[in-house]
1. Within region 36-47, does at least one residue satisfy the condition of being assigned to a strand (DSSP E or B) and at pLDDT below 90?
2. Does M114 satisfy the condition of being surrounded by 10 or more Cβ atoms within 10 Å (Cβ to Cβ) and modelled with pLDDT under 95?
3. Quick test for you: out of M57, M97, M105, pick the one residue that is touching a Pro at 6+ places or on another chain (Cβ under 6 Å) and at pLDDT 90 or above.
4. Restricting attention to region 72-87, which residues are loosely packed, with under 14 Cβ neighbours inside 10 Å and of a type in the set (A, V, I, L, M, F, W, C)?
Amino acid sequence: MTTRSKNSGRRLLAFALVLGVGLMLVCDLAACVSSTPTPPPIEKAIVGAWVNAEGGMIHFYADHTGFIPGLKGGVEPIPDTRFTYYLQDETHLGIVMEGQPATVMEVRLEGDKMTWRGLAGKEYLYHRVK
């Protein structure tokens with residue numbers, strides 16, 4: 001085999017190697033771009049103010065405390081309520097109000113929508129206040 005044909009074979013091998021590595025990088029990049037972003041853990045996603053269809057509000061703070069503004073002017077006014085909360089897992093939220101045992105509810109977050117399933121199975125829908 002001549003030196004010329006050895007060099008041609010090496011160049012062809014080097015070209016194939018570079019081409020293969022380039023194709024792998026392009027495929028990896030495409031997979032990263034097209035993959036669905038991971039939703040934030042509920043612990044971060046729940047932080048903020050939420051309102052339901054009746055105008056009831058609830059605020060969750062990053063320090064695991066919360067606030068429910070009271071209702072004035074009704075037959076029986078409801079005072080402002082502060083609480084602490086904890087997450088049992090990605091779908092269960094425990095709320096502790098002053099002097100009360102913890103109430104654990106199923107909670108589901110989908111973007112700016114939060115659904116609670118109460119103890120009796122009734123669902124409550126809240127939307128993030130922007």
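The values are calculated or read from the model by the stated rules, or taken from the named source; none is laboratory data. Please read these numbers as outputs of a predicted model, since none were measured by experiment. As a convention, Cβ positions derive from the backbone with ideal geometry for all residues, glycine included, and neighbour counts pool all protein chains shown.
1. No; the residues of region 36-47 include none that is assigned to a strand (DSSP E or B) and at pLDDT below 90.
2. no
3. Matching residue, one of M57, M97, M105: M57.
4. V75, I78
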